[in-house]
Amino acid sequence: MRLTAGWSLKVHALAMGVVLLAGGTGKAADPATAPIDFTQDVRPILSNSCFQCHGPDEASREADLRLDTPDGATADLGGHLAVAPGDPAKSELLRRVTAGDPDELMPPPDSDYGRLTPEQVDILRRWIEQGAEYEQHWAFIAPERPELPEVKDSDWPQNEIDHFVLRRMREKGLAPNSEASKETLIRRVTLDLTGLPPTIEEIDAFLADDSPDAYEKVVDRLLQSPRYGEHMTRYWLDAARYGDTHGLHLDNMRSMWPYRDWLIRAFNSNRPFDQMTIEQLAGDLLPEATTDQKVASGFNRCHVTTSEGGSIAEEFYVRYTVDRVETVGTVFMGLTLGCAACHDHKFDPVSQKEFYQLFAYFNSLTDKPMDGNALLPPPVVEVPTPEQSEQRTNLQQQIAAVNSQLKEAIAAIEYTDPHADAESVELEPTEFVWIDDAVPSGAQPQQSGHPWEFVSAPEPVFSGEKATRRTAEEMGQHFFTGANPPLVIGDGDKLFASVYLDPENPPTEIMLQFNDGSWNHRAYWGKNAIDWGQDGKESRLPMGDLPPVGQWVRLEVDAAKVGLKPGMKLNGWAFTQWGGRVYWDRAGIVTRTPQNGQPFESQRLWELAIGEGKDLPKPVQDVLKIAPADRNEKQQETIRTYFLERVYPGTKEQVAPMLAEREQLQADLKALNDAIPKTLVSEEMKEPKTAYVLDRGEYDRKTDPVERQVPSVFPGLPEGVSNDRLGFARWLVDPSHPLMARVTVNRWWQRYFGTGIVKTSEDFGVQGDFPTHPELLDWLATELIRTGWDVKGMQKRIVMSAAYRQDSKVSDEALAIDPENRYLSRGPRFRLEAETIRDAALFVSGLLNEKVGGPSVKPYQPSGIWEAVGYTGSNTANFTQDDGQKLYRRSMYTFWKRTAPPPSMSNFDAPSRESCTVRRARTNTPMQALTLMNDKQFVEASRHFAQRILREGGTTDDDRLVFAFRLATSRMPEADELNVIRQLLQQQRTYFSGKPEAAKALIDSATTQLEPQHLERDHNRDPEVAAWTMLANLLLNLDETINKS
Amino acid sequence: MDPLREYELLQTRRHFFGRSAGGIGAAALASLVNPQAFAAPSTAAEGAGVMGEPHFAPKAKRVVYLFMSGAPSQMDLFDYKPEMDEWFDKDLPDSIRQGQRLTTMTSGQKRFPIAPSKFKFAQHGQSGAWVSELMPYTASIADDLCFVKSVHTEAINHDPAITYIQTGAQRPGRPSMGAWLSYGLGTMNRDLPAFVVLHSTWTGRKSAQALYERLWGTGFLPSRHAGVSLRSQGDPVLFLSNPPGVDRSARRQMLDALAAINERTYEQIGDPEINTRIAQYEMAYRMQSSVPELMDFSDESKETLEMYGPEVSTPGTFSANCLLARRLLERNVRFVQIFIRGWDQHGSLPRDIANQCRDVDQGQAALVRDLKQRGLLEDTLVIWGGEFGRTIYCQGGLTRENYGRDHHPRCFTMWMAGGGIKPGITYGKTDEFSYNIVENPVHIHDLNATILHNLGVDHKRLTYRFQGRDFRLTDVHGNVVHDILT
């Protein structure tokens, strides 16, 4: 295969080719003999019409013919050749694309592909005539630094860019516009570099600066602004598919914002882009990776995830990995790699096997496919602020100090077990009183009949100060649930209660009920009137006759007989009766099981009592398993310490305060740890997971295992790098890589000029658009590498160019030749992006809160947006708007729920961030008009803008109108424009002064919780403020305000 | 607002400047007297879609798609399986299950006991279609409906499955069906969007599956083709109402001044986008009156309201949305999609499905009847269904009276009516377990291809070049089901 890499030949052919493709209008000197360029002219025809069946994809290849390689095209097909170089007559290809017989015609008439046009056939014919030479697709050949085109008869160029631009312009019969006015220029560059318009002071300073480098000084100032990093980051968030929710199914919250903060810092500190790339793809694998580098690796975790019940983990593991590869393909390589997940790529030289070899670099992260709907599905890292780190150290030190005090105190206790010398000890059951003058802690008292009633002497009281009393007609009871700590049942335990039946009014039945989660544990005395449970069983156990009346009687129930087994825990208890008047008192359990808080003098007895100690800390449990005689010193120490700290009453007074202090400190530490930001990161498995070629991309159709490898069309990994994600990232940024630098500069170019040099900034492959300025693209790419991937340097170079600085006015002629301004004979003009429109409105109204970084915020959004779609159990099913200053943060901090993004953003073409986007649409809709006119955010901004005009804009109407117009558009109004807005102001004054209630309503609707000076309000001035609010609303809606010009 | 009035307004704005209109903003004028689509393309001020003309004569001009999110149980509603009565609590034979994958919600179950439907079925109409007692109103229009009992999909979980049927791919990122139609066919009216989405309240299972804006989103198509949600609370269209205190006259003054300055900007700069923007502000202004008029049912007859049932007076109910859908279709909105959630009945299915059917039954039957009465059914396609079906075997506890069902992608029932669809037929057949298809399978790509076909769109030819590939709703699949077409 002959591969040509020089651009000069191609560009020449390009100019000719375009004319020919336009349908042979006769403008070309001699179309019949003009050289045909494979890349520009021939491959698009073959790719669009033939490669589907005769291209790189082996599986779908028909008739063993492939037309994407010279070997394939010229292979012997049994006596004939598809392409016979130099000999159109012998070329089957030509015969078939012109065949009259529908069975012979290619593409087949019943396929999705139309018949080739005569012009296309002619191109193929002449290409064959001229030798049928193939070229590697331009984007797969590493860029070489081209010579600067010579510029004659022009002092227009400001830097190298303009040499290339001017030459193409002239080839198209275009000439550059003059430089934009200074007002336009400072507005354009300020919006482009910071995402906000300039202030009047900045405009005035620039207008007053006559020095030759006045503009450059502005550019340098802007590049130093922290807003620059925010703005650069904002673009990157689309590419990285950043969201604040998981994006699938429940769409619960996810904590990724520290990654966003990292991006801002990286751009502001002008981190070289190759470093940024390596850190985002593989920061976790760098030697001695810093927290920042790990945070950066969150890039690989930004994809959508699910935890939908019923999902098959393997299926999602595959989807996530495919997403990672696709995203890397789009963002760093401008390639549609995802096409090769199911079959060999139809157009680009990436086989399905090669896709899974790339897959193998990204399939061994430790995150689980099911995200658990968690805020922080591991792996995550903590990103504490310096203050938090310091606080944490402090707390840890304090805890250590208390621990050592405690240790000393325990060591100082001279404890001898009272039963130390006994041959054996036996545990006697003891009585533990649970209910006496009050219900146990945590219990929620409830009843059937009148509320709980505690009575004191002279009413009958058995123990303490009080008893409970109940009078009932039929069934009556008082009970509780929720007691904590619960009552623990042991072997052979008896539950008891004291009861006194009123001799004047005795009941016919009394019942005790115990709740361990269910109430099906009952014992009754007397008649069988209450029919809960099953009589004779543990759910309704008969205990015999009623006890004697007029005296306190102790009732006892064997726990086992009412179905309460050792280890069960009671949280509720009911005193129930049928009729009569009953007094209850002192109830609890006779047990060997220690109840919570029960002290023991003897460690031996305590150990006997607690058995396995299921509720004790693990280390204590472990020691309990070992017979006392077999315990080593450390084990003895562990259990003794626990006993003396928590059980032994003798030193409680001394130890308890220290324990309390430690608990408090530990709680503080936990609260601090919870408050420390955390973010999702990449982490590699110790042993990489084997990757397989998946038949048709189906997770459950594994075929051959594959190893990590980059596609063969590219250079191999650089010397000395590891064959893993880190090596892959280093490979991407190696100067030999044909795509990385080109794709990167192209995406930046697109920001400034509205369209990339390659229009399809997501696809540099065979099906992508051909660059309008191939040499310029290569110059910029090599320049980026030469300058050590200097991001700010490249932004500066672009905005310093004369091409960028042109007036955007367009003549009819220029519009006819170049409607989309691809050849840059005028300055860029297009609508600002969603975030910039909102930010600018907040900025000119004085509302913008310029806090940099931090978690996302929830500014105004109409009610019901989340509720309409949210899964009922999702933590983003209901939207709770933030208040105060959080309403006025830059839009890049707006909380991004991916299944229902903020409408004021999506109305202006912000993508959902469910997948990677490097090129936004730019539409123009009535929804946008409604948003700017009526969205509370913009109405409120209008009102504050109005107040700012009144406060700062001078004293006369005209002063104020000029001030307002300049703030919104960055330029002075012309006289007729001033007339229009003056007239509107008068109209609105008339309107509102006749309707003060309307004025009040408008202003009330746009009130906020701001500083007092913003809220100072003289209701007499409402009509005036309202009129200015509508004027401000007009200014925020102007085409010029929402456009970059 | 009529063109003449528009022209006068433009003149008024000229007077604003106090100078002659000669030569100013001729293009702007053209765009105003030739008002365009709701969602005017950024460069071409045309309401027509990218196709210009349909690929062939359409049978339907409009679609109303009643989407049952969560997946209704086909064997409790339409796919009558009397044989199952004898199979109560017996295991689903392996020969039927064929070892195919289950969701992990039931793949761990030790048994797959058959849960026969507890609901009574009867045949209805001349067509003799089987419909369960849960849907008496729908049963009464059986002769207008075409039941397709053999729809199938591959996805087994809600998020991927609903994304699949709505966009043709299980992963997010592709345009929805309504967006494709808006893109291909454009809009047929000047005051309303081409694609409208309505969300309904429900009383079935409380905990309901999520929806996602991608289901009516545009993926890589320009965002102007996205479905616009008409809301039952707050502004029906987001940001429609002027702020308090600002009436139509005050807004008009502001818009006149806006147009005057924007026209001047056009004169200075020459960017045709400026004219489009002027026109879009006028469209927004018109919507401020056309949308409230649309939402106001006071001009509906008593008979009509009664036909939709008592819930029609509660905004946001399925019934109210059905009537609203008719009003939208009447106004030539191309694609209306009503979503109702709550069908994901893994347990307590009998109770929840009864409630859910009460939510939808009367309204959907009234909608079909109403369209028919008005002659709209002829060229309006009505579609009813969910994202997959449910299993014959029980999930969780099983009694004759109570059971639950897991997700089942291998067969489910949808019905269609109107524009180009044969009425009163049943197409496709499942085995006695409603588990496998035994006759005429209809993949969801086939379904979508058929829907497009009825609108005059060849699903293979409505494509969009993105990332070097011509994408379409049906991916690389789909066959039109000619058997069900008139």
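The values are calculated or read from the model by the stated rules, or taken from the named source; none is laboratory data. None of the values given here were measured: they were computed from a predicted structure. So basically every Cβ, Gly included, is an ideal-geometry build from the backbone, and we count neighbours across all protein chains shown.
What are the residue pairs meeting all of these: first residue in region A:762-774, first residue closer than 16 Å to residue A:56 by Cα, second residue charged (D, E, K, R), Cβ atoms under 7 Å, and 6 or more apart or on different chains?
A:765/A:348; A:766/A:43; A:766/A:348; A:767/B:469
Being within 7 Å of chain A (Cβ to nearest Cβ), surrounded by fewer than 22 Cβ atoms within 10 Å (Cβ to Cβ) and assigned to a helix (DSSP H, G or I) is the filter here, so list the residues in region B:269-279 that pass it.
B:269, B:273
What residue, of A:646, A:696, A:701, is touching a Cys at 6+ places or on another chain (Cβ under 7 Å) and over 30 Å from residue A:771 (Cα atoms)?
After applying the criteria, what remains is A:696.
Would you check which residues across region A:406-427 are of a type in the set (Gly, Ala, Ser) and surrounded by 15 or more Cβ atoms within 10 Å (Cβ to Cβ) and list them?
Across region A:406-427, the qualifying residue is only A:409.
Output the number of residues of region A:868-896 satisfying the condition of being facing chain B (nearest Cβ under 9 Å) and either of a type outside the set (S, T, N, Q) or over 24 Å from residue B:341 (Cα atoms) (or both).
Number satisfying all stated conditions: 6.
Inside region A:913-950, can you point out the residues that are among the aliphatic types (A, V, I, L, M), crowded, with 24+ Cβ neighbours inside 10 Å, under 20 Å from residue A:1044 (Cβ atoms) and more than 7 Å from every other protein chain (Cβ to nearest Cβ)?
Correct list: A:932, A:941.
Within region B:131-167, track down each residue that is part of a loop (DSSP other than H, G, I, E, B) and touching a Lys or Arg at 6+ places or on another chain (Cβ under 8 Å).
Across region B:131-167, the qualifying residues are B:133, B:141, B:156.
Among the residues of region A:331-354 satisfying the criterion of being more than 9 Å from chain B (Cβ to nearest Cβ) and free of Cβ contacts under 8 Å to residues at least 40 places away in the same chain, which is surrounded by the fewest Cβ atoms within 10 Å (Cβ to Cβ)?
A:337
Looking only at region A:300-315, decide whether some residue is within 14 Å of another protein chain (Cβ to nearest Cβ), assigned to a helix (DSSP H, G or I) and not small (Gly, Ala, Ser).
Yes, region A:300-315 contains a residue that is within 14 Å of another protein chain (Cβ to nearest Cβ), assigned to a helix (DSSP H, G or I) and not small (Gly, Ala, Ser).
Could you tell me whether any residue of region A:980-991 is assigned to a loop (DSSP other than H, G, I, E, B) and either farther than 23 Å from residue A:838 by Cβ or modelled with pLDDT of 95 or more (or both)?
Among the residues of region A:980-991, not one is assigned to a loop (DSSP other than H, G, I, E, B) and either farther than 23 Å from residue A:838 by Cβ or modelled with pLDDT of 95 or more (or both), which makes the answer no.
Take the residues of region B:209-235 that are assigned to a loop (DSSP other than H, G, I, E, B) and more than 7 Å from chain A (Cβ to nearest Cβ): which is modelled with the highest pLDDT?
Result: B:227.
Only one of B:425, B:392 is buried (at least 18 other Cβ atoms within 10 Å of the Cβ), among the β-branched types (Val, Ile, Thr) and farther than 30 Å from residue A:346 by Cβ; which?
Only one candidate qualifies: B:392.
Select from region B:450-486 the residues that are within 13 Å of another protein chain (Cβ to nearest Cβ) and either touching a Ser or Thr at 6+ places or on another chain (Cβ under 6 Å) or not in a loop (DSSP other than H, G, I, E, B) (or both) and list them in ascending order.
B:459, B:464, B:465, B:466, B:467, B:468, B:469, B:470, B:471, B:472
Whether any residue in region B:184-203 is at the interface with another protein chain (Cβ under 8 Å from one of its Cβ atoms), on the phi < 0 side of the Ramachandran plot and crowded, with 20+ Cβ neighbours inside 10 Å is what I want to check.
yes
Conditions: (1) modelled with pLDDT under 95; (2) more than 26 Å from residue B:305 (Cα to Cα). Residue B:433 meets all but one. Number of the miss?
It is condition (1) that residue B:433 fails.
Tell me which of these residue A:964 doesn't satisfy, since it passes every other one: (1) within 30 Å of residue A:805 (Cα to Cα); (2) surrounded by fewer than 21 Cβ atoms within 10 Å (Cβ to Cβ).
Here residue A:964 clears every test but (2).
Has region A:967-974 got any residue that is at positive phi and within 14 Å of another protein chain (Cβ to nearest Cβ)?
Within region A:967-974 (the criterion being at positive phi and within 14 Å of another protein chain (Cβ to nearest Cβ)), the answer is yes, since at least one residue qualifies.
Inspect region B:87-106 for any residue being at positive phi and either surrounded by 12 or more Cβ atoms within 10 Å (Cβ to Cβ) or at pLDDT 85 or above (or both) and give the result as yes or no.
Yes; the residues of region B:87-106 include at least one that is at positive phi and either surrounded by 12 or more Cβ atoms within 10 Å (Cβ to Cβ) or at pLDDT 85 or above (or both).
Here are B:300, B:311, B:282: which of them is touching a residue at least 12 places away in the same chain (Cβ under 8 Å) and within 12 Å of chain A (Cβ to nearest Cβ)?
B:282 is the lone residue from the list that is touching a residue at least 12 places away in the same chain (Cβ under 8 Å) and within 12 Å of chain A (Cβ to nearest Cβ).
With a cut-off of at least 3 residues that are more than 14 Å from chain B (Cβ to nearest Cβ) and of a type in the set (Lys, Arg), name the helices (runs of 4 or more DSSP H) lying wholly within region A:719-808.
Fully inside region A:719-808 and qualifying: A:740-753, A:791-800.
Based on what the data block shows, is residue B:74 within 30 Å of residue B:137 (Cβ to Cβ) and polar (S, T, N, Q)?
So residue B:74 fits the description; yes.
Scan region A:993-1002 for residues that are facing another protein chain (nearest Cβ under 8 Å) and in a helix (DSSP H, G or I) and jot them down.
Listed by number, the residues that qualify are A:997, A:998, A:999, A:1000, A:1001, A:1002.
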